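Structure first, commentary second.
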DNA sequence: CTCTGTTGTCTAGCAGTGCTAGGATCGACT
DNA sequence: AGTCGATCCTAGCACTGCTAGACAACAGAG
């Protein structure tokens, strides 16, 4: 069985290569530059190989999205655990979130803006997405305030961050006052 | 000169038809269904005619976006002027905004999500966009709270609404608790 | 009323997209 | 050593946004 195992390993390796390459390409030149032809060319295989791993382009975006969610969760947890006190932890969460979105625009888009064919807010939601939300919840549930369900509070806080992230990157908000906006958001929303 | 005037009128009329048709098509089947061929077919002209009015598809989206911004501003102003008291006016603004986004998803996307080739937050920003922001500002500047620039407060509030609108429509947030989320947002952000 | 020149429109086509059918090739097992 | 199945690629489909160039319609001049 070692032959088959080797083949499986190689297949899995190639799949990682596809996702990594798609991500790089998207981060470097935008998702509109990620075509099946260019992607196939980059991994030095023909187009149909992509379709032996993924149903289509959407699923490739979805794979990048899951990677992104995992990393976002890790970034948020790292930032919050390094901060002292509820107020500082919430602020650290917000800055970490926006920083991630700004540094990985293509990945962030894959996760929260593009259609990666993933289920959200449902039972069959992939684990990384649920975990990313959980990472936010862990810190935010402490500052939801009385009578407010932590989940609901987290959704609102998340939406605000998402709005700041997307509007800023789309040029709708000037990046200069980014910090002031975050401070205002944290001061008002978090009940410390 | 009346002949030329008539032609100009007809041209303007056809341009309105293009925008209206693109909007209908997008609202009915999504922007990905708005192709230059289908659009040309719908207005009963050939494709190149579109390019005698607009530089490309992006500009058509941009035209729909401007319409949308104008209507959004009107909807917000209508809702706020019908409400009594600062708290009620802010809530009315929020509900009107989200209602507009939910009822006109394609138009909302054109305005704030897709690339319509429009400038934002700059000097050469089209008037309808500036006015839509102004409509929010008019109501929100009264509840910004001391020491907080009204413009900054409006940006944050807008971002939160935008986040709620997009995440809800993308299936990231369940629509059930929509009202509770808005109430929470208004209660926390607005200093009545 | 005819001719002319401009203005407007359409046909046809380019280069690119996501995706797939079918043939070729390679290699693991009998 | 030969067979047969898995794997991969070539070629192509139907579509996209966009454009060059042929063609027709029509206002203005004579």
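Every number here is computed from the coordinates shown, using simple stated rules; none is lab data. Values in this document were obtained by computation on a predicted structure and should not be read as measured data. Neighbour counts are summed over all protein chains in view; Cβ atoms, including those assigned to glycine, are modelled from backbone coordinates with ideal geometry.
Some notes on this structure:
- Projected-area mean, chain A, by convex hull of Cα positions, square nanometres: 13.1 nm²
- Rounded FRET efficiency, nearest 0.05, which uses the C-beta distance separating residue A:58 from residue B:43 and R0 of 25 Å: 0.20
- Axis angle, to the nearest 10 degrees, between helix B:127-140 and the longest C-alpha principal axis of chain B: 20 degrees.
- Averaging 1/r over each pair of different alpha-carbon atoms in the stretch A:87-192 and inverting the result gives 14.5 Å, the Kirkwood hydrodynamic radius.
- Here residue A:13 and residue A:131 are evaluated by their C-beta separation; at R0 = 25 Å the FRET efficiency comes out at 0.50.
- Other copies of residue A:32: label-to-label distances in nm, shortest first, labels 7 Å along the beta-carbon direction: 1.6
- Calculated P(r) of the stretch B:63-127 - Cα pairs past 19 Å, %: 38 percent
- Intensity falloff of the stretch A:131-192 expressed as log10 I(q)/I(0), Debye formula with alpha-carbon point scatterers, at q = 0.20 Å⁻¹: -0.79
- Kirkwood hydrodynamic radius (C-alpha pairs) into Stokes-Einstein, the stretch B:1-53, 25 °C and 0.890 mPa s, D in µm²/s: 210 µm²/s
- GNM flexibility winner over chain A from A:34, A:148, A:19 (Cα, springs under 10 Å): A:148
- Within the stretch B:54-98, backbone nitrogen closer than 16 Å to the virtual label 7 Å beyond the Cα of residue B:4 toward Cβ: none
- Calculated FRET value between residue B:115 and residue A:74, using beta carbons and R₀ = 25 Å, to 0.05: 0.25
- Crossing angle, helix A:2-29 versus chain A [Cα axis fit, 0-90 degrees, rounded to tens]: 60 degrees
- In plain terms, the residue of B:125, B:168 with the fewest other Cβ atoms within 10 Å comes first and the most crowded comes last, giving B:125, B:168.
- Long-range tail of P(r) for the protein assembly as shown (Cα pairs > 37 Å, %): 28 percent
- Counting only DSSP H runs of at least 4 residues, each contributing -39500 (n - 2.57), and dividing by the residue count of chain B, the helix-based mean residue ellipticity at 222 nm comes to -24000 deg cm²/dmol.
- Over all Cα atoms in the stretch B:100-153, the spread is summed up by Rg and Dmax: 13.3, 37 Å.
- Comment: the Cα-to-Cβ extended label point of residue B:13, at 7 Å, lies 6.9 nm from its counterparts in the other copies, nearest first.
- Ranked from shortest, the separations from the 7 Å Cα-to-Cβ label point of residue B:52 to its equivalents in the other copies are 5.2 nm.
- The distance between label points at residue B:51 and residue B:99 comes to 4.3 nm (points 7 Å beyond Cα on the Cα→Cβ vector).
- Compared with the dominant Cα axis of chain B, that is its longest principal axis, helix B:86-103 is turned about 30°.
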